[in-house]
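Only one structure is covered here, and it is reproduced in the block below.
The values are calculated or read from the model by the stated rules, or taken from the named source; none is laboratory data. Note that this is a predicted model, so its numbers are computed, not measured. Heads up, the Cβs are rebuilt from the backbone with ideal geometry, glycines too, and the neighbour counts pull from every protein chain shown. The protein model used for the area step is the full one, side chains on, heavy atoms only, and it has no ligands, DNA or RNA in it. Shrake-Rupley method; radii C 1.70, N 1.55, O 1.52, S 1.80 Å.
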Amino acid sequence: MSSALMSQKQRWSSPLKQLLHKPSLLTHFYFSTPTNDPPESQPSHLSPPPIQVLLTESTGRGVFATRKIVSGDLIHTAQPLVSHPYFNSLHTVCYFCLKKLNNAQNSRISFCSDSCRKHAMGFCEVENQADWSAYDTHCRTQGLKYPLLVRRLACMVISGIVSSNSLDILQPAIVSPEMIALMEEEFGLLRSALLHADVTGEKMAFLTKQWYINVLARIRINAFRIELVGGSYEDLLLSASSSVNAEAAVGSAIYMLPSFYNHDCDPNIHIVWVENVNARVKALRDIEAGEELRICYIDASMDYEARQSLLSQGFGFQCHCLRCLSND
């Protein structure tokens with residue numbers, strides 16, 4: 001094994017061992033199906049998980065089938081660790097679950113249900129204390145979306161909903177000095193807004209420049225763009241496309257288990273969102289026991305050169321899947 005691969009494996013070994021020794025935590029992320037989902041879309045809580053997370057030689061971690069999975073099967077669902085709507089969706093989707101609203105309010109954020117309002121109460125109380133105009137203006141001007149996730153996570157930590165190291169298990173992106181300089185500016189705006197809202201003392205102890213950079217580096221490479229497909233669950237199962245429609249994007253989210261799926265330009269699974277931010281992982285074809293489950297990080301319809309360029313620039317690796325090896 002090369003030194004680079006050994007280093008990557010060691011980097012993942014410790015946090016993954018912590019995760020794998022917490023079966024209740026893994027079960028939560030395998031089958032975190034919301035109670036208001038239709039019964040036919042819910043995997044059985046009595047069945048053993050059909051997947052497991054293992055360390056690999058080349059990618060550090062991966063998700064593998066523990067039994068045969070049939071094409072069209074709903075493998076599992078997952079609720080996000082943190083999510084946030086895009087600026088252009090702030091008043092048209094639920095501020096918590098990103099479900100499209102029937103009666104959108106153009107002047108304020110809204111929720112689709114009392115349940116979502118209750119779940120958002122903790123971080124909203126912190127958010128509402130601060131003036132975010134400078135932070136939001138900076139993000140809008142720079143075309144930034146991921147800092148919104150960092151802000152929400154920071155407010156969740158301050159309110160005691162999650163711990164400050166809740167994203168440490170995720171792989172970080174490699175960030176350039178130029179990116180770090182931009183992150184430092186964003187951090188200053190975030191910290192200033194909270195300090196001016198009298199959020200001080202122990203509640204702010206975690207919010208250092210290094211914490212902000214580390215979290216954003218993980219979000220940059222693990223965030224999912226939420227594409228609401230709508231329609232019925234039956235229509236979803238009939239769809240075999242792994243491409244996405246950028247115009248359908250309403251926000252971004254970070255998940256635990258879905259972030260462990262590696263990339264393939266000819267994926268065997270697909271992550272979709274029917275009506276809200278809760279992700280559904282569906283088999284695109286039959287998968288044998290022991291086979292690795294892989295998603296496509298980009299638009300699979302792009303040609304070889306375009307895929308390689310985007311994966312290299314956006315994710316920091318060159319793809320060697322069977323499709324790419326054949327220059328397809």
Taking amide H atoms as placed 1.01 Å from N in the peptide plane, list the residues 5 or more away in sequence, or in a different chain, whose amide H sits under 5 Å from that of GLY72. ALA283, LEU284, ARG285
Hey, got a sec? Which trypsin sites (Lys or Arg not before Pro) in segment 102-209 land in a DSSP loop and have at most 16 other Cβ atoms within 10 Å? ARG108
Mind pulling up the Rg/Rh value for segment 132-207? Radius of gyration and Kirkwood radius, both on Cα. 0.96
Sorted list, accessible surface of protein heavy atoms, 1.4 Å probe, largest first, for MET156, MET179 is MET179, MET156
Debye calc, one equal point scatterer per Cα of segment 49-192, no solvent, log10 I(q)/I(0) at q = 0.15 1/Å comes to -0.97
For SER110, list long-range residues whose amide hydrogen, built 1.01 Å from N in the peptide plane, is under 5 Å from its own amide hydrogen. TYR95
Derived scalar couplings ³J(HN,Hα) [segment 260-265; Karplus, 6.51 cos²θ - 1.76 cosθ + 1.60; whole Hz; x for Gly, Pro]: 8, 6, 7, 8, 8, 6
Average projection area in nm² (convex hull over Cα atoms of segment 61-118, one quarter of hull surface): 6.7
Greater than 29 Å apart at Cα, pairs in LYS68/LYS118; LYS145/LYS209; LYS99/LYS145; LYS145/LYS282; LYS99/LYS209; LYS100/LYS209: LYS68/LYS118; LYS99/LYS209; LYS100/LYS209
